[in-house]
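Report on one structure; see the data block that follows.
The values are calculated or read from the model by the stated rules, or taken from the named source; none is laboratory data. These figures come from a predicted structure and were not determined experimentally. Cβ sites come from the backbone with ideal geometry, for glycine too, and all protein chains shown count toward neighbours. To get the accessible areas, we keep the full protein, side chains included, count just its heavy atoms, and leave off ligands, DNA and RNA. Shrake-Rupley method; radii C 1.70, N 1.55, O 1.52, S 1.80 Å.
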Amino acid sequence: RSVSRGLGDVYKRQLVKTEDMPDVLTKNFNIWVQAKAGGYMNMKKWKACEVDKLPVDIHGMQCVVGGDMSSKIDLTALAFVFKYEDPNEKDIDGEPVIKYIVMQHSFMPNREKLIERVNTDKVPYDAWEMQGYLSVTDTAIVNQKYVMEWAYGFIKEYDLDVVCWALDPSNAVWFMQELSDRGETVYDVAQNHKSLNDATVGFREEVYSGNVVYTPDPLLNFTMGNCVVRKSNGLTKIDKDLTRQRIDCVDALICAFKLARTVDPNVNRQKRMEASIDAWLSADW
């Protein structure tokens, strides 16, 4: 009830700021309107990719994990991208259509900062935490050990086959080193136009083609709606309009998608291991 009153107060305040109404309707009331000029995503097409239940069971599936680590008090986000063949749809060559399941989970350091962000960002992070889209690490800054253990818990719960981790290197030195020490394959995804153009444009194309699937996630929707396009020499990457807006979930998602595009959904962990052993045995020492 208190959350509803809070959203009502936001709505009333925005009545005198007509230009902000599309953001309020989309982020707070789940009423989907076309993205503003310069927006990265057509939000109606994004909404069309939402499903109540995933079309396939993700247990045991291959995935790529993307990450965007915050410096201190901003959102830290993990994204999981699963590439799979849809046997119910065929392309022009009669082959199964490749699709992507996407998920995210975000983290904030403590409840004091969470409430501070509720007030500054004007979105219900507290409600999203209760709904399971966001975790609080109960520390002064986001505890990356907590983030890592949450990730491994999720991976274990679904017996996921993590092909690799793809991370924005900013603020992620410890996280990436720890993953490497655990024997994980880790990629540093440079945050520049040249590195991110293909993944940024490609992900949007997959959304517009209806080849992306996600279950309801208001935090992911909020960050997707915040993304705008920044161009440099004809290349595209995402950015945000205002300092208080968050795009961390989408940053992590695009990092993961960049590597997920290269995954062969028909090659499981056993086949990859056998290929690695064969390559080692055949190496010219």
**OP:** Scan segment 47-73 residue by residue and report those that are open to solvent by less than 60 Å² (accessible area, probe 1.4 Å), part of a loop (DSSP other than H, G, I, E, B) and either out of contact with any Gly (no Cβ under 8 Å at 6 or more places or on another chain) or without any contact (Cβ under 8 Å) to a residue 24 or more places away in the chain (or both).
**Re:** VAL51, LEU54, VAL56, ILE58, GLY60, MET61, MET69, SER70, ILE73
Subject >> Hits in segment 211-237 (condition: assigned to a strand (DSSP E or B), of a type in the set (D, E, K, R) and surrounded by 15 or more Cβ atoms within 10 Å (Cβ to Cβ)) >> reply: ARG230, LYS237
Original post:
If you go through segment 74-103 one residue at a time, how many are among the acidic types (Asp, Glu), closer than 30 Å to TRP174 by Cβ and assigned to a strand (DSSP E or B)?
Top reply: 0
Original post:
Among LEU235, LEU253, LEU242, which is farther than 17 Å from LYS47 by Cβ, among the aliphatic types (A, V, I, L, M) and in contact (Cβ under 8 Å) with a residue 24 or more places away in the chain?
Top reply: LEU235
Subject >> Evaluation of GLN191 against (1) in contact with an Asp or Glu (Cβ under 9 Å, 6 or more places away or on another chain); (2) part of a strand (DSSP E or B); (3) not charged (D, E, K, R) (one fails), failing number >> reply: (2)
Original post:
Within segment 152-194, which residues are more than 14 Å from GLY67 (Cβ to Cβ), open to solvent by 50 Å² or more (accessible area, probe 1.4 Å) and touching a residue at least 24 places away in the same chain (Cβ under 8 Å)?
Top reply: TYR158, ASP159, ASN192, LYS194
Original post:
Do you know which residues across segment 132-161 are of a type in the set (A, V, I, L, M, F, W, C) and touching a Leu at 6+ places or on another chain (Cβ under 9 Å)?
Top reply: LEU134, VAL136, VAL142, VAL147, MET148, TRP150, ALA151, PHE154
